[in-house]
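The values are calculated or read from the model by the stated rules, or taken from the named source; none is laboratory data. Predicted model, so just to flag it, every value in this text is computed and none were measured. Note that each Cβ is placed from the backbone with ideal geometry, even for glycine, and that neighbours are counted across all protein chains shown.
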Amino acid sequence: MRIFAIACLVSLAGCIIDNDPLRVDSLTANTAETFTYSVQTNTVMTANDDDEAEQIRRGWLGSLRLMGCGAGYVIEIRRLEPTDIPSSNALEVIYTGRCLLAPSS
């Protein structure tokens, strides 16, 4: 009986594991000053640009300061593109921007 109970708990644990990762992203430096940042949407991180998911993505973009945009950055284009995941309604939110120049002394 105990073995059956343990087997049931193990099988339930497989259902709880999140198969929809929250953060699937990539950052590409196009030149020394420009970049492309893409984030995949999912059931938690929707594509809307006016909700909490967008605020979270903008927070992730804040890590650009650690990657060479010490004076900040400007997002010039935000676009949505379909992903190459078959039978998925996920989208890629793609930000294209540039680093701001540090003020000269």
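Data table
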| read-out | value |
| --- | --- |
| Test: residue in segment 81-104 that is in contact with a Gly (Cβ under 8 Å, 6 or more places away or on another chain), at pLDDT 80 or above, of a type in the set (Asp, Glu) and loosely packed, with under 11 Cβ neighbours inside 10 Å | no |
| All positions within segment 33-88 that are under 21 Å from Cys99 (Cα atoms), of a type in the set (A, V, I, L, M, F, W, C) and in contact (Cβ under 8 Å) with a residue 40 or more places away in the chain | Phe35, Val39, Met67 |
| Search result, residues across segment 49-60 that are at pLDDT below 85 and either under 13 Å from the mean Cα position of the chain (by Cα) or surrounded by 12 or more Cβ atoms within 10 Å (Cβ to Cβ) (or both) | Asp49 |
| Residues (closer than 17 Å to Ile94 by Cβ and in a loop (DSSP other than H, G, I, E, B)) located in segment 32-68 | Thr41, Asn42, Met45, Thr46, Ala47, Asn48, Asp49 |
| Which listed residue, of Thr34, Thr28, Thr46, is of a type outside the set (Lys, Arg), surrounded by fewer than 18 Cβ atoms within 10 Å (Cβ to Cβ) and modelled with pLDDT under 85 | Thr46 |
| Segment 68-79, residues that are of a type in the set (A, V, I, L, M, F, W, C) and surrounded by 12 or more Cβ atoms within 10 Å (Cβ to Cβ) | Cys69, Ile75 |
